[in-house]
Amino acid sequence: QAKTAGRSTLRFFDPDMQAVVTARAGLEADLRAALAQDEFLLHYQPQVNHAGRAVGVEALVRWEHPERGMVSPADFVPLAEETGLILPLGRWVLNTACKLLAQWRGDPDLAHLTMAVNVSSRQFRHADFVDDVARVLAVTGAPAGRLKLELTESLLVEDMETTIATMEALRAHGVGFALDDFGTGYSSLAYLKRMPLDQLKIDQSFVQDLLTDPNDAAIVDTIIGLSRSLGLEVIAEGVESVEQRDLLARAGCRFYQGYLFSRPLPTDALEQFLRDRI
Ligand code: C2E
Ligand code: MG
Ligand code: MG
Ligand code: MG
């Protein structure tokens, strides 16, 4: 028994592992303080149609850390999920995005735009989620029909019945849904058919090598065909070149998001971009 304990102790004190544990604990402590200290902000990435006109934006959270600088959501969103901090953070994201959406309401240049907000599994599964969304819509005055929640495939298949019930409840408030990173997870046709979705987002990994990898081109064709037969809108993520956009257009994709059009932008730069693109 002592031997087993000794072995696990040894593993725990592996210096590399210890460094990882310490760095993570530091990040977690900072993450807890960050909300109170107002260190989060949202950038917004435009989504455009075939004519290059903006049809909507996706809100993407940013963490401006006083010492570390900009921390990527890829580094802190998973940690926020594990620690439960995604609940207050997710509420803050939703509220901030909806406040902007509400501001656009009376604006002839901006009132038509949709706002996509990423929702993590833990947030979506929380018992108060539907009420939270409804309250944020009511308090901010954002038009529910312009709010689009982005879910992932793994979230959809986790607990199908509950997922569908939650989506239906939100849909009753007018909220729409996009399936993010589509093609990277597992969701069968039969599942997809039952989900009240509006849009599939082709994952950027397929767009990246579209011109050189025939497998990716075939996957993209399949996703577009699938979206058509399910009556869903399809948008490609991570479009960086005109050649990618043209190939996607030939394959029947009408909506695009990516650096070719714009990087995610802070609010002022976004509104400038949007007004120039009407
Ligand atoms: P996502 O929702 O799939 O967002 C798209 C990511 O691709 C964003 O990374 C965006 O900046 C990046 N991107 C957009 N166009 C291009 C392009 O042309 N080329 C390349 N290489 N990348 C492009 P970002 O902002 O770092 O976000 C990463 C992920 O973090 C998001 O992936 C999403 O899963 C998560 N995330 C971001 N904001 C939130 C949030 O508010 N809540 C939750 N739960 N997750 C979020
Ligand atoms: Mg997304
Ligand atoms: Mg995505
Ligand atoms: Mg992603």
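The values are calculated or read from the model by the stated rules, or taken from the named source; none is laboratory data. Note that this is a predicted model, so its numbers are computed, not measured. Virtual Cβ from ideal backbone geometry, glycine too; neighbours counted across all protein chains shown. These accessible areas exclude ligands, DNA and RNA; they are computed on the full protein's heavy atoms, side chains included. Shrake-Rupley method; radii C 1.70, N 1.55, O 1.52, S 1.80 Å.
Can you give the log10 of the normalised intensity I(q)/I(0) at q = 0.16 Å⁻¹, computed with Debye over equal Cα scatterers of the chain?
Debye output, listed in q order: -1.33.
Would you mind getting me the FRET efficiency between Asp131 and Thr212? Use the beta-carbon distance for r and R0 = 45 Å, nearest 0.05.
On the way: r = 48 Å, r/R0 = 1.06.
According to the calculation, E is roughly 0.40.
Using Cα atoms only, what is the angle between the long axis of helix 2-12 and the major principal axis of the chain, expressed in degrees (0 to 90) to the nearest 10?
Result, in degrees: 50.
Can you give the % of DSSP beta bridges in region 3-148 that are antiparallel, to the nearest 5? Write out the running numbers ahead of the final one.
On the way: 12 of 18 bridges.
So the antiparallel bridges amount to about 65 percent of the total.
Report the relative contact order of the chain, percent, no decimals, based on alpha-carbon pairs under 8 angstrom and at least 6 residues apart.
Numbers: 408 pairs, mean separation 51.4, N = 278.
Relative contact order comes out at 18 percent.
What share of the DSSP beta bridges in the chain is antiparallel, in percent to the nearest 5?
Numbers: 15 of 37 bridges.
Once the DSSP bridges in the chain are tallied, antiparallel ones form about 40 percent.
Please give the direction-averaged projected area of the C-alpha convex hull for region 41-122, in square nanometres with one decimal.
If you wrap the Cα atoms of region 41-122 in a convex hull and average its projections, you get 6.6 nm².
Just to be sure I follow the definition: excluding the sites themselves, where is the longest run in the chain that has none of the trypsin sites (Lys or Arg not before Pro) in a DSSP loop with at most 16 other Cβ atoms within 10 Å?
Details: sites that count: Arg53, Arg68, Arg105, Arg254, Arg277.
Result for the longest clean stretch: 106-253.
Counting only heavy atoms of protein chains, what accessible area per residue, in Å², does the chain have with a probe of 1.4 Å?
Numbers: 13700 Å² over 278 residues.
So the chain comes to 49 Å² accessible per residue, rounded to a whole number.
Could you give the dipole magnitude of the chain about its Cα centre, charging the beta-carbon of Lys and Arg +1 and that of Asp and Glu -1, in debye to the nearest 20?
Details: 27 positive and 39 negative charges, 97 e Å.
My answer is approximately 460 debye.
Calculate how steeply helix 214-230 sits against the longest principal axis of the alpha-carbon atoms of the chain, using the helix alpha-carbon long axis, and give the answer as 0 to 90 degrees to the nearest 10.
It is inclined by approximately 70 degrees.
If you take the square roots of the eigenvalues of the alpha-carbon gyration tensor of region 86-187 and sort them as a ≥ b ≥ c, do you get rounded (a/c under 1.5), prolate (a/b over b/c) or oblate? Don't skip to the end; give the middle numbers.
Numbers: a/c = 1.98, a/b = 1.60, b/c = 1.24.
Because a/c hits 1.5 or more and a/b exceeds b/c, region 86-187 counts as prolate.
By the gyration tensor of its Cα atoms, with a ≥ b ≥ c the square roots of the eigenvalues, what is the shape of region 118-158: rounded for a/c under 1.5, prolate for a/b over b/c, or oblate?
oblate
When the accessible area of the chain is split by element with a 1.4 Å probe, what percent falls to carbon and sulfur?
Whole-percent figure for carbon plus sulfur exposure: 52.
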